[in-house]
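The values are calculated or read from the model by the stated rules, or taken from the named source; none is laboratory data. Worth saying up front: this structure is predicted, and the values here are computed from it rather than measured. Quick reminder, even Gly has a Cβ in these numbers, built from the backbone with ideal geometry, and neighbours come from all protein chains shown. Heavy atoms of the whole protein, side chains included, go into the accessibility calculation; ligands, DNA and RNA do not. Shrake-Rupley method; radii C 1.70, N 1.55, O 1.52, S 1.80 Å.
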Amino acid sequence: MTVITRFAPSPTGRLHVGNIRTALHNWLLAKKHGGRFLLRIDDTDAERSREEHVEAIRADLAWLGLDPEGEERQSQRGALYEAAFERLVAEGRLYAAYETAQELDLKRKILLGRGLPPIYDRAALTLTEADHAARAAAGERPHWRFKLDHDTPITWDDGIRGPQQFDPRQMSDPVVRRADGSWLYMLPSAIDDIAMGVTDVLRGEDHVSNTATQVQMFAALGATPPRFAHAALLTGSEGKLSKRLGSLGMADLREAGIEPEALVALLARLGTSDPVDPVLSAADLAAAFDLSRFGRAPARFDEAELHRVNAAVVHRLPYARVAHLLPDGIDAAAWEAIRPNLGHTAEAAEWAQVIAGPVSPPPFDSETTAFLAQAAELAATLDWADPWPTLTAALKDATGRKGKALFLPLRQALTGKDHGPDMKALLPLIARDEAVLRLRAG
Ligand code: GLU
(Lines give C-alpha, C1' and ligand atoms only; values in the text may rest on other atoms or scores of the structure.)
Protein backbone atom coordinates (compact mmCIF):
# COMPACT_ATOMS: atom_id res chain seq x y z
CA MET A 1 0.00 0.00 0.00
CA THR A 2 1.40 3.43 -0.96
CA VAL A 3 2.09 5.59 2.04
CA ILE A 4 0.09 8.82 1.85
CA THR A 5 0.62 11.55 4.40
CA ARG A 6 -0.75 15.04 4.64
CA PHE A 7 0.02 18.34 6.23
CA ALA A 8 -3.17 20.07 7.27
CA PRO A 9 -2.56 23.64 8.42
CA SER A 10 -5.31 26.13 9.14
CA PRO A 11 -4.53 29.31 7.19
CA THR A 12 -5.25 31.56 10.13
CA GLY A 13 -1.65 32.74 10.50
CA ARG A 14 1.89 32.17 9.37
CA LEU A 15 3.55 28.80 9.79
CA HIS A 16 5.99 28.66 12.69
CA VAL A 17 8.75 26.17 13.32
CA GLY A 18 6.41 23.80 15.16
CA ASN A 19 4.03 23.54 12.18
CA ILE A 20 6.94 23.21 9.79
CA ARG A 21 8.32 20.36 11.85
CA THR A 22 5.01 18.51 11.48
CA ALA A 23 5.00 19.17 7.73
CA LEU A 24 8.56 17.90 7.48
CA HIS A 25 7.82 14.72 9.45
CA ASN A 26 4.99 13.91 7.07
CA TRP A 27 7.11 14.68 4.03
CA LEU A 28 9.97 12.52 5.33
CA LEU A 29 7.69 9.61 6.12
CA ALA A 30 6.12 9.72 2.66
CA LYS A 31 9.50 9.99 0.90
CA LYS A 32 11.03 7.22 2.95
CA HIS A 33 8.38 4.86 1.63
CA GLY A 34 8.24 6.27 -1.89
CA GLY A 35 4.78 7.55 -1.07
CA ARG A 36 2.90 10.81 -1.47
CA PHE A 37 2.80 13.93 0.65
CA LEU A 38 -0.35 16.05 0.34
CA LEU A 39 -1.30 19.51 1.49
CA ARG A 40 -4.74 20.05 2.94
CA ILE A 41 -5.78 23.59 3.72
CA ASP A 42 -8.09 23.42 6.74
CA ASP A 43 -10.06 26.56 5.99
CA THR A 44 -13.47 25.70 7.40
CA ASP A 45 -13.22 28.74 9.64
CA ALA A 46 -14.07 31.29 6.96
CA GLU A 47 -13.75 34.22 9.30
CA ARG A 48 -10.20 33.54 10.43
CA SER A 49 -8.82 31.97 7.23
CA ARG A 50 -6.93 34.30 4.89
CA GLU A 51 -5.83 33.80 1.30
CA GLU A 52 -2.51 35.51 2.02
CA HIS A 53 -1.79 32.82 4.61
CA VAL A 54 -2.61 30.07 2.10
CA GLU A 55 -0.10 31.62 -0.28
CA ALA A 56 2.50 32.00 2.45
CA ILE A 57 2.06 28.34 3.43
CA ARG A 58 2.69 27.25 -0.16
CA ALA A 59 5.70 29.57 -0.42
CA ASP A 60 7.19 28.34 2.87
CA LEU A 61 6.83 24.70 1.85
CA ALA A 62 8.40 25.47 -1.54
CA TRP A 63 11.30 27.29 0.12
CA LEU A 64 11.95 24.24 2.27
CA GLY A 65 11.67 21.88 -0.70
CA LEU A 66 8.64 20.12 0.80
CA ASP A 67 6.56 20.17 -2.33
CA PRO A 68 3.15 18.56 -1.93
CA GLU A 69 1.94 16.19 -4.63
CA GLY A 70 -1.60 17.37 -4.28
CA GLU A 71 -3.64 20.01 -2.52
CA GLU A 72 -7.17 20.02 -1.18
CA ARG A 73 -9.12 22.77 0.49
CA GLN A 74 -11.75 22.02 3.05
CA SER A 75 -13.77 25.06 2.01
CA GLN A 76 -14.36 23.36 -1.35
CA ARG A 77 -15.40 20.02 0.07
CA GLY A 78 -18.66 20.98 1.75
CA ALA A 79 -20.72 18.57 -0.35
CA LEU A 80 -18.66 15.64 0.88
CA TYR A 81 -19.14 16.67 4.51
CA GLU A 82 -22.85 17.23 3.97
CA ALA A 83 -23.30 13.72 2.58
CA ALA A 84 -21.46 12.17 5.53
CA PHE A 85 -23.47 14.36 7.88
CA GLU A 86 -26.82 13.16 6.48
CA ARG A 87 -25.69 9.57 6.81
CA LEU A 88 -24.40 9.90 10.38
CA VAL A 89 -27.54 11.75 11.48
CA ALA A 90 -29.68 9.01 9.94
CA GLU A 91 -27.61 6.40 11.77
CA GLY A 92 -27.95 8.22 15.06
CA ARG A 93 -24.21 8.97 15.33
CA LEU A 94 -24.78 12.72 15.23
CA TYR A 95 -27.36 14.39 17.41
CA ALA A 96 -28.72 17.88 17.79
CA ALA A 97 -28.10 19.82 20.99
CA TYR A 98 -28.99 23.34 22.08
CA GLU A 99 -27.06 24.16 25.23
CA THR A 100 -25.45 27.57 25.23
CA ALA A 101 -21.83 28.04 26.19
CA GLN A 102 -22.98 29.39 29.57
CA GLU A 103 -25.20 26.37 30.23
CA LEU A 104 -22.39 24.00 29.37
CA ASP A 105 -20.04 25.92 31.58
CA LEU A 106 -22.47 25.68 34.47
CA LYS A 107 -22.87 21.91 33.95
CA ARG A 108 -19.11 21.51 34.01
CA LYS A 109 -18.77 23.53 37.19
CA ILE A 110 -21.43 21.48 38.95
CA LEU A 111 -19.74 18.21 38.01
CA LEU A 112 -16.32 19.50 39.04
CA GLY A 113 -17.81 20.74 42.30
CA ARG A 114 -18.96 17.18 43.01
CA GLY A 115 -15.51 15.89 42.20
CA LEU A 116 -16.71 14.34 38.93
CA PRO A 117 -15.10 14.60 35.49
CA PRO A 118 -16.74 17.37 33.44
CA ILE A 119 -18.23 15.09 30.79
CA TYR A 120 -21.22 16.22 28.75
CA ASP A 121 -24.33 14.53 30.20
CA ARG A 122 -26.02 13.81 26.87
CA ALA A 123 -29.11 15.68 28.01
CA ALA A 124 -29.88 16.48 24.36
CA LEU A 125 -30.40 12.77 23.67
CA THR A 126 -33.52 12.83 25.83
CA LEU A 127 -35.20 15.49 23.68
CA THR A 128 -38.26 14.25 21.79
CA GLU A 129 -39.30 14.99 18.22
CA ALA A 130 -41.76 17.47 19.68
CA ASP A 131 -39.02 19.23 21.66
CA HIS A 132 -36.94 19.65 18.50
CA ALA A 133 -39.97 20.87 16.56
CA ALA A 134 -40.78 23.41 19.27
CA ARG A 135 -37.23 24.74 19.27
CA ALA A 136 -37.19 24.95 15.47
CA ALA A 137 -40.51 26.81 15.57
CA ALA A 138 -38.95 29.25 18.04
CA GLY A 139 -36.18 29.88 15.51
CA GLU A 140 -33.57 27.97 17.48
CA ARG A 141 -30.97 26.04 15.54
CA PRO A 142 -29.01 23.16 17.05
CA HIS A 143 -25.34 22.41 17.06
CA TRP A 144 -24.36 18.79 16.47
CA ARG A 145 -22.48 16.30 18.56
CA PHE A 146 -20.85 13.05 17.58
CA LYS A 147 -22.16 10.21 19.71
CA LEU A 148 -19.25 8.19 20.98
CA ASP A 149 -19.76 4.46 21.10
CA HIS A 150 -19.49 3.77 24.82
CA ASP A 151 -19.23 0.03 24.33
CA THR A 152 -16.10 0.02 22.19
CA PRO A 153 -12.87 0.92 23.95
CA ILE A 154 -10.66 3.16 21.87
CA THR A 155 -7.23 1.78 21.10
CA TRP A 156 -4.49 2.36 18.61
CA ASP A 157 -0.84 1.55 18.36
CA ASP A 158 0.83 4.93 18.18
CA GLY A 159 3.95 5.08 16.02
CA ILE A 160 5.72 7.10 18.70
CA ARG A 161 3.80 6.65 21.95
CA GLY A 162 3.11 2.95 21.64
CA PRO A 163 -0.22 1.29 22.54
CA GLN A 164 -2.88 3.83 23.49
CA GLN A 165 -6.14 3.20 25.23
CA PHE A 166 -9.05 5.54 25.95
CA ASP A 167 -12.38 4.88 27.64
CA PRO A 168 -15.10 6.61 25.59
CA ARG A 169 -17.26 6.84 28.74
CA GLN A 170 -14.73 9.25 30.14
CA MET A 171 -15.02 11.53 27.12
CA SER A 172 -17.58 14.14 26.06
CA ASP A 173 -19.38 13.66 22.78
CA PRO A 174 -17.57 16.29 20.72
CA VAL A 175 -19.38 19.11 18.97
CA VAL A 176 -18.67 18.68 15.26
CA ARG A 177 -20.88 21.31 13.70
CA ARG A 178 -21.98 24.73 14.90
CA ALA A 179 -25.50 26.09 14.87
CA ASP A 180 -24.62 28.28 11.87
CA GLY A 181 -23.79 25.13 9.88
CA SER A 182 -20.01 25.65 9.98
CA TRP A 183 -17.74 22.73 10.79
CA LEU A 184 -15.31 22.17 13.58
CA TYR A 185 -12.10 20.58 12.44
CA MET A 186 -12.48 16.98 13.63
CA LEU A 187 -15.14 15.34 11.49
CA PRO A 188 -14.18 16.97 8.16
CA SER A 189 -10.59 15.94 8.87
CA ALA A 190 -11.58 12.28 9.25
CA ILE A 191 -13.79 12.46 6.15
CA ASP A 192 -10.91 13.97 4.17
CA ASP A 193 -8.32 11.52 5.44
CA ILE A 194 -10.54 8.71 4.16
CA ALA A 195 -11.27 10.41 0.82
CA MET A 196 -7.63 11.33 0.27
CA GLY A 197 -6.47 7.81 1.11
CA VAL A 198 -4.26 9.03 3.95
CA THR A 199 -2.44 6.05 5.47
CA ASP A 200 -0.42 7.83 8.17
CA VAL A 201 -1.24 10.82 10.34
CA LEU A 202 1.81 12.23 12.02
CA ARG A 203 1.13 15.24 14.22
CA GLY A 204 1.84 16.84 17.56
CA GLU A 205 0.83 15.21 20.82
CA ASP A 206 -1.61 18.06 21.45
CA HIS A 207 -3.83 16.03 19.09
CA VAL A 208 -3.81 12.76 21.08
CA SER A 209 -7.28 13.27 22.53
CA ASN A 210 -8.60 14.33 19.11
CA THR A 211 -7.24 11.08 17.74
CA ALA A 212 -9.16 9.14 20.38
CA THR A 213 -12.37 10.73 19.10
CA GLN A 214 -11.41 10.44 15.46
CA VAL A 215 -10.68 6.72 15.77
CA GLN A 216 -14.40 6.31 16.42
CA MET A 217 -15.29 8.71 13.62
CA PHE A 218 -13.35 6.61 11.13
CA ALA A 219 -15.23 3.55 12.33
CA ALA A 220 -18.57 5.38 12.12
CA LEU A 221 -17.69 6.40 8.56
CA GLY A 222 -17.02 2.75 7.73
CA ALA A 223 -13.26 3.13 7.37
CA THR A 224 -10.17 1.68 9.00
CA PRO A 225 -8.33 4.52 10.76
CA PRO A 226 -4.92 5.49 9.40
CA ARG A 227 -1.80 4.78 11.44
CA PHE A 228 -1.26 7.54 13.97
CA ALA A 229 1.91 8.90 15.50
CA HIS A 230 2.11 11.86 17.86
CA ALA A 231 5.41 13.65 18.33
CA ALA A 232 6.27 15.39 21.58
CA LEU A 233 5.90 19.13 21.18
CA LEU A 234 8.65 21.57 20.48
CA THR A 235 9.66 23.85 23.31
CA GLY A 236 11.89 26.89 23.42
CA SER A 237 15.34 26.60 24.92
CA GLU A 238 13.88 27.84 28.24
CA GLY A 239 11.81 24.68 28.44
CA LYS A 240 8.40 25.96 27.55
CA LEU A 241 6.78 26.93 24.29
CA SER A 242 7.95 30.51 24.18
CA LYS A 243 6.03 33.26 22.50
CA ARG A 244 9.04 33.89 20.32
CA LEU A 245 9.16 30.28 19.11
CA GLY A 246 5.43 30.31 18.42
CA SER A 247 5.81 33.41 16.30
CA LEU A 248 9.08 32.61 14.59
CA GLY A 249 8.06 32.39 10.95
CA MET A 250 9.96 31.25 7.90
CA ALA A 251 10.32 34.85 6.69
CA ASP A 252 12.13 35.75 9.93
CA LEU A 253 14.45 32.79 9.54
CA ARG A 254 15.12 33.58 5.88
CA GLU A 255 15.94 37.14 6.83
CA ALA A 256 18.28 35.94 9.55
CA GLY A 257 20.23 34.09 6.87
CA ILE A 258 19.01 30.60 7.70
CA GLU A 259 19.24 28.22 4.76
CA PRO A 260 16.33 25.83 4.25
CA GLU A 261 18.72 22.86 4.46
CA ALA A 262 19.72 23.92 7.96
CA LEU A 263 16.16 24.16 9.24
CA VAL A 264 15.26 20.84 7.63
CA ALA A 265 18.35 19.10 9.00
CA LEU A 266 17.64 20.35 12.53
CA LEU A 267 13.88 19.78 12.59
CA ALA A 268 14.21 16.29 11.12
CA ARG A 269 16.28 15.17 14.10
CA LEU A 270 15.04 17.29 17.02
CA GLY A 271 13.38 15.08 19.58
CA THR A 272 14.93 11.92 18.18
CA SER A 273 17.89 9.92 19.40
CA ASP A 274 19.73 10.62 16.13
CA PRO A 275 22.39 13.33 16.11
CA VAL A 276 21.68 16.62 14.37
CA ASP A 277 24.05 16.63 11.40
CA PRO A 278 24.31 19.21 8.62
CA VAL A 279 22.77 16.80 6.12
CA LEU A 280 22.22 18.67 2.85
CA SER A 281 20.04 16.12 1.12
CA ALA A 282 16.48 15.81 2.34
CA ALA A 283 16.33 12.46 0.55
CA ASP A 284 19.11 11.21 2.85
CA LEU A 285 17.17 12.46 5.87
CA ALA A 286 14.09 10.65 4.58
CA ALA A 287 15.97 7.39 4.12
CA ALA A 288 17.11 7.54 7.75
CA PHE A 289 13.77 8.75 9.15
CA ASP A 290 12.46 6.35 11.75
CA LEU A 291 9.57 6.90 14.17
CA SER A 292 11.13 4.49 16.66
CA ARG A 293 13.93 7.05 17.18
CA PHE A 294 11.50 9.62 18.58
CA GLY A 295 11.49 10.22 22.32
CA ARG A 296 8.58 11.16 24.54
CA ALA A 297 10.27 14.20 26.08
CA PRO A 298 9.57 17.64 24.63
CA ALA A 299 12.06 18.55 21.92
CA ARG A 300 14.04 21.69 22.57
CA PHE A 301 14.39 24.14 19.75
CA ASP A 302 17.37 26.37 20.30
CA GLU A 303 18.00 29.22 17.88
CA ALA A 304 21.71 29.16 18.68
CA GLU A 305 21.78 25.51 17.60
CA LEU A 306 19.99 26.44 14.39
CA HIS A 307 22.68 29.01 13.65
CA ARG A 308 25.41 26.43 14.33
CA VAL A 309 23.78 23.93 11.99
CA ASN A 310 23.35 26.73 9.47
CA ALA A 311 27.06 27.54 9.51
CA ALA A 312 27.92 23.86 9.07
CA VAL A 313 25.47 23.68 6.17
CA VAL A 314 26.89 26.82 4.53
CA HIS A 315 30.38 25.30 4.77
CA ARG A 316 29.12 22.44 2.62
CA LEU A 317 26.83 24.17 0.14
CA PRO A 318 28.03 23.66 -3.42
CA TYR A 319 28.60 26.73 -5.59
CA ALA A 320 25.77 25.84 -7.98
CA ARG A 321 23.29 25.98 -5.10
CA VAL A 322 24.28 29.49 -3.97
CA ALA A 323 25.61 31.11 -7.18
CA HIS A 324 22.47 33.21 -7.67
CA LEU A 325 22.72 34.56 -4.12
CA LEU A 326 26.35 35.61 -4.32
CA PRO A 327 27.69 39.09 -5.07
CA ASP A 328 29.77 39.83 -8.17
CA GLY A 329 33.32 38.70 -7.76
CA ILE A 330 32.49 35.50 -5.91
CA ASP A 331 33.03 32.76 -8.47
CA ALA A 332 33.33 29.05 -7.81
CA ALA A 333 36.95 29.29 -6.61
CA ALA A 334 36.15 32.25 -4.38
CA TRP A 335 33.16 30.43 -2.90
CA GLU A 336 35.31 27.40 -2.10
CA ALA A 337 37.84 29.69 -0.44
CA ILE A 338 35.44 31.70 1.70
CA ARG A 339 32.65 29.30 2.65
CA PRO A 340 34.49 27.74 5.64
CA ASN A 341 34.46 31.23 7.17
CA LEU A 342 30.80 32.02 6.74
CA GLY A 343 27.99 31.68 9.25
CA HIS A 344 25.53 32.92 6.65
CA THR A 345 25.68 33.05 2.87
CA ALA A 346 25.12 36.84 2.97
CA GLU A 347 28.51 37.28 4.62
CA ALA A 348 30.01 36.50 1.20
CA ALA A 349 29.59 40.22 0.45
CA GLU A 350 32.22 41.03 3.05
CA TRP A 351 34.73 38.78 1.29
CA ALA A 352 33.79 40.06 -2.16
CA GLN A 353 34.80 43.46 -0.82
CA VAL A 354 38.09 42.06 0.50
CA ILE A 355 38.84 40.47 -2.87
CA ALA A 356 37.97 43.58 -4.93
CA GLY A 357 39.34 46.10 -2.43
CA PRO A 358 39.90 48.63 -1.12
CA VAL A 359 40.77 47.20 2.29
CA SER A 360 41.74 49.13 5.40
CA PRO A 361 44.59 47.50 7.26
CA PRO A 362 45.65 48.64 10.74
CA PRO A 363 48.62 51.00 11.06
CA PHE A 364 51.95 49.09 11.00
CA ASP A 365 55.21 50.01 12.70
CA SER A 366 58.16 50.91 10.46
CA GLU A 367 59.79 47.50 10.75
CA THR A 368 56.62 45.77 9.58
CA THR A 369 56.17 48.32 6.80
CA ALA A 370 59.65 47.46 5.54
CA PHE A 371 58.83 43.75 5.73
CA LEU A 372 55.65 44.30 3.71
CA ALA A 373 57.57 46.35 1.12
CA GLN A 374 59.91 43.38 0.72
CA ALA A 375 56.83 41.16 0.31
CA ALA A 376 55.52 43.53 -2.37
CA GLU A 377 58.77 43.29 -4.38
CA LEU A 378 58.63 39.50 -4.24
CA ALA A 379 54.93 39.29 -5.05
CA ALA A 380 55.43 41.37 -8.19
CA THR A 381 57.67 38.65 -9.60
CA LEU A 382 55.50 35.64 -8.74
CA ASP A 383 53.41 33.37 -10.87
CA TRP A 384 49.90 34.03 -9.49
CA ALA A 385 48.39 30.55 -9.83
CA ASP A 386 49.43 29.57 -6.30
CA PRO A 387 51.50 32.44 -4.90
CA TRP A 388 51.07 32.07 -1.13
CA PRO A 389 53.42 29.10 -0.42
CA THR A 390 56.18 30.60 -2.59
CA LEU A 391 55.77 34.09 -1.16
CA THR A 392 55.81 33.01 2.47
CA ALA A 393 58.68 30.51 2.00
CA ALA A 394 60.82 33.18 0.30
CA LEU A 395 59.99 35.77 2.99
CA LYS A 396 60.76 33.33 5.73
CA ASP A 397 64.20 32.67 4.20
CA ALA A 398 64.90 36.33 3.59
CA THR A 399 63.76 37.72 6.95
CA GLY A 400 63.91 34.86 9.42
CA ARG A 401 60.29 35.66 10.40
CA LYS A 402 58.02 32.76 11.06
CA GLY A 403 54.60 31.93 12.51
CA LYS A 404 52.46 34.89 13.46
CA ALA A 405 55.21 37.45 12.79
CA LEU A 406 55.37 36.20 9.23
CA PHE A 407 51.70 35.55 8.46
CA LEU A 408 49.71 38.15 10.41
CA PRO A 409 51.09 41.35 8.82
CA LEU A 410 50.65 39.79 5.38
CA ARG A 411 47.06 38.87 6.13
CA GLN A 412 46.34 42.29 7.62
CA ALA A 413 47.87 44.18 4.70
CA LEU A 414 46.22 41.98 2.09
CA THR A 415 42.75 41.66 3.64
CA GLY A 416 42.47 44.39 6.26
CA LYS A 417 41.51 41.71 8.77
CA ASP A 418 43.13 39.56 11.44
CA HIS A 419 41.17 36.44 10.54
CA GLY A 420 39.63 34.91 7.48
CA PRO A 421 39.86 32.22 4.85
CA ASP A 422 43.00 30.27 4.21
CA MET A 423 45.42 32.72 2.51
CA LYS A 424 46.57 30.02 0.12
CA ALA A 425 43.05 29.94 -1.34
CA LEU A 426 42.30 33.64 -0.93
CA LEU A 427 45.43 35.29 -2.32
CA PRO A 428 45.10 34.04 -5.91
CA LEU A 429 41.61 35.61 -5.97
CA ILE A 430 43.10 39.07 -5.37
CA ALA A 431 44.69 40.36 -8.59
CA ARG A 432 48.48 40.41 -8.42
CA ASP A 433 48.83 44.14 -9.06
CA GLU A 434 46.22 44.87 -6.43
CA ALA A 435 48.03 42.63 -3.92
CA VAL A 436 51.32 44.35 -4.65
CA LEU A 437 49.69 47.74 -4.06
CA ARG A 438 48.20 46.61 -0.76
CA LEU A 439 51.55 45.32 0.45
CA ARG A 440 53.29 48.55 -0.59
CA ALA A 441 50.67 50.66 1.12
CA GLY A 442 51.40 48.72 4.31
N1 GLU B 1 -5.92 21.85 10.97
C2 GLU B 1 -5.52 21.03 12.07
C3 GLU B 1 -4.46 21.76 12.85
O4 GLU B 1 -3.78 22.59 12.29
C5 GLU B 1 -5.03 19.71 11.52
C6 GLU B 1 -4.55 18.76 12.51
C7 GLU B 1 -4.29 17.42 11.88
O8 GLU B 1 -5.20 16.63 11.76
O9 GLU B 1 -3.13 17.19 11.48
O10 GLU B 1 -4.32 21.55 14.03
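All of Asp157, Asp192 fail the test of being on the phi < 0 side of the Ramachandran plot and away from the ligand (no atom under 12 Å from the Cβ), apart from Asp157. Within the bounds of region 183-192, is there any residue that is surrounded by fewer than 21 Cβ atoms within 10 Å (Cβ to Cβ) and among the β-branched types (Val, Ile, Thr)? No, there is no match, as no residue in region 183-192 is surrounded by fewer than 21 Cβ atoms within 10 Å (Cβ to Cβ) and among the β-branched types (Val, Ile, Thr). Taking the condition in contact (Cβ under 8 Å) with a residue 24 or more places away in the chain, in contact with a Lys or Arg (Cβ under 9 Å, 6 or more places away or on another chain), farther than 30 Å from Arg145 by Cα and within 12 Å of the ligand (Cβ to nearest atom), does Ile57 pass? When the stated conditions are applied, Ile57 passes them. Looking across region 128-151, the residues that are part of a loop (DSSP other than H, G, I, E, B) and without any contact (Cβ under 8 Å) to a residue 24 or more places away in the chain come down to Thr128, Ala138, Gly139, His150, Asp151. Of the residues Ala251, Ala299, Ala256, Ala288, only one is at pLDDT 95 or above and either farther than 24 Å from Val3 by Cα or among the aliphatic types (A, V, I, L, M) (or both); which? Only one candidate qualifies: Ala288.
Of the strands (runs of 3 or more DSSP E) lying entirely inside region 1-106, those containing at least 1 residues that are hydroxyl-bearing (Ser, Thr, Tyr) span 4-7, 94-97. Condition first: within 16 Å of the ligand (Cβ to nearest atom) and open to solvent by 70 Å² or more (accessible area, probe 1.4 Å). Can you find one or more residues in region 308-321 that meet it? Among the residues of region 308-321, not one is within 16 Å of the ligand (Cβ to nearest atom) and open to solvent by 70 Å² or more (accessible area, probe 1.4 Å), which makes the answer no. Of the helices (runs of 4 or more DSSP H) lying entirely inside region 248-338, those containing at least 1 residues that are over 17 Å from the mean Cα position of the chain (by Cα) and farther than 18 Å from Leu15 by Cα are 282-288, 303-314, 319-322, 332-338. The residue pairs whose first member lies in region 378-396 and is of a type in the set (Lys, Arg), whose second member is open to solvent by 50 Å² or more (accessible area, probe 1.4 Å), and whose beta carbons are closer than 8 Å, counting only pairs six or more residues apart or on different chains, are Lys396/Lys402.
Please tell me if Pro358 is open to solvent by 60 Å² or more (accessible area, probe 1.4 Å), out of contact with any helix residue (DSSP H, G or I) (no Cβ under 7 Å at 6 or more places or on another chain) and within 30 Å of Val276 (Cβ to Cβ). No, not satisfied. Among the criteria (1) open to solvent by less than 60 Å² (accessible area, probe 1.4 Å); (2) more than 14 Å from the ligand (Cβ to nearest atom), the one Glu52 does not fulfil is (1). Here is the figure for region 15-49: residues that are within 13 Å of the ligand (Cβ to nearest atom) and open to solvent by 40 Å² or more (accessible area, probe 1.4 Å) total 4.
When we screen Ala220, Ala231 for residues that are more than 13 Å from the ligand (Cβ to nearest atom), open to solvent by less than 20 Å² (accessible area, probe 1.4 Å), at pLDDT 95 or above and touching a strand residue (DSSP E or B) at 6+ places or on another chain (Cβ under 8 Å), the only hit is Ala220. I'd like to check something: does region 164-178 contain any residue that is of a type outside the set (D, E, K, R), part of a helix (DSSP H, G or I) and either open to solvent by less than 60 Å² (accessible area, probe 1.4 Å) or out of contact with any helix residue (DSSP H, G or I) (no Cβ under 8 Å at 6 or more places or on another chain) (or both)? Yes, there is a match, as at least one residue in region 164-178 is of a type outside the set (D, E, K, R), part of a helix (DSSP H, G or I) and either open to solvent by less than 60 Å² (accessible area, probe 1.4 Å) or out of contact with any helix residue (DSSP H, G or I) (no Cβ under 8 Å at 6 or more places or on another chain) (or both). Which condition number does Gly403 fail, the rest of (1) open to solvent by less than 50 Å² (accessible area, probe 1.4 Å); (2) at negative phi; (3) free of Cβ contacts under 8 Å to residues at least 12 places away in the same chain being met? If we test Gly403 against (1) open to solvent by less than 50 Å² (accessible area, probe 1.4 Å); (2) at negative phi; (3) free of Cβ contacts under 8 Å to residues at least 12 places away in the same chain, just (2) comes out false.
Scanning region 107-127 for residues that are open to solvent by 80 Å² or more (accessible area, probe 1.4 Å) and in a loop (DSSP other than H, G, I, E, B) yields Arg114, Asp121.
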